[in-house]
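Chemist: If you scroll down you'll find the structure; I have some questions about it.
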Amino acid sequence: MDARPASATPLRVAAGFLLMFVVYQAAEGLQTVIAPRSPLGPLLMVASLLLAWPIGRWLGWRGYDAYLLDLRPRWLALLAGGLVLALGAKLATVEIGLRSGGYVFDGTPSTDLAVPLAIGLLTTFIPSLAEDILTRGFPLRTWGVRWSGPAFVAASALLYTLNHLWRFDWGWTEQLRLFCLGLAYAAAAWRWRTLWAAVALHWGWNFASIVADLIEPVRPADIDQTRLLGAAAHLVLLAIVLAVPVPRVRARDQAE
């Protein structure tokens, strides 16, 4: 990895993180609780993602590379592979939920897929990437902490859970689900030292919810069971992430 910029002082890093955190939480609060139908929430979410670039510049990096969001081709391939893996995991979870009674059918499959899927790719990508920057990109590179692997994964998963301020009253199964999601995504970012690995799984899981609603519309019949199924699916994803061999180029990066 490249040397840490001298301008990435603890005070600047804390200020940059806090600024993006406030904008992100305002967007999330509007979309989740306060005004779900208002366009202001999505606009603020886009703003939080765009804001990360000048913050990265202010801290001395080239922009988004402050959060390990480089655009080298191997990371784009990793993004595609993780996206497919997460899609498969989500759809398998829905099928298991249907068989166990956690989900029930709710409506008929859509025959018009192109436009909704295209819109869904964008509307799930932006918040997934913004949250990954906050809960994985910042602690992995921008904070400048010398983590061990397990410490980073646990700390990032906890930060990811705490970042869902507007879901604190959703019950323990939701908090457990979020923590397991955070474990899988953080492990992916750590093993490949790129945020794209986490984005792929996070984005894929969120996008798959839209895919499932279009091709196999379901609704939760037992919300706690569906959350626990989601948690279990991410523990499987975590095991897959840990089992995949680390590329040689990744091993060299880790040694630097």
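Chemist: Please report Rg over Rh for the chain, where both radii come from the alpha carbon positions and Rh follows the Kirkwood definition. Please list the in-between numbers first.
Modeler: Values: Rg = 18.2 Å, Rh = 18.9 Å.
Here the Rg-to-Rh quotient is 0.96.
Chemist: If I take R0 = 25 Å and measure r between the Cβ atoms of ARG146 and ALA243 in this structure, what FRET efficiency does the formula 1/(1 + (r/R0)^6) give, to the nearest 0.05? Could you put the intermediate results ahead of the total?
Modeler: Numbers: r = 26 Å, r/R0 = 1.03.
About 0.45, to the nearest 0.05.
Chemist: Show that you can apply the helix-only estimate: for the chain, add -39,500 (n - 2.57) for every DSSP H stretch of four or more residues, divide by all residues, and state [θ] at 222 nm to the nearest 500. If you can, show how the numbers build up before the last one.
Modeler: Details: 9 runs with 171 residues, N = 256.
So the helix-based figure for the chain works out to -23000 deg cm²/dmol.
Chemist: Evaluate the relative contact order of the chain (contact order divided by residue number), counting alpha-carbon pairs under 8 angstrom at least 6 apart; express in whole percent. Numbers along the way, then the final one.
Modeler: Details: 332 pairs, mean separation 69.4, N = 256.
Taking the mean separation of contacting Cα pairs over the length of the chain, I get 27 percent.
Chemist: Pop out the Kirkwood hydrodynamic radius of the stretch 43-189 from its pairwise C-alpha distances, inverse of mean 1/r, in Å to one decimal.
Modeler: Values: mean 1/r = 0.0572 Å⁻¹.
For the stretch 43-189, the Kirkwood estimate is 17.5 Å.
Chemist: Please work out the C-alpha center-to-center distance from the stretch 132-159 to the stretch 1-68 and express it in whole Å.
Modeler: 15
Chemist: Please build a GNM for the chain, connecting alpha carbons under 10 Å apart, and tell me which residue among ALA197, ALA239, ALA154 fluctuates the most.
Modeler: ALA239
Bear in mind these aren't lab numbers, they're just calculated from the coordinates by the rules spelled out. Owing to the predicted nature of the structure, the values given are computational and were not obtained by experimental measurement. Glycine gets a Cβ as well: all are built from the backbone with ideal geometry, and neighbour counts include every protein chain shown.
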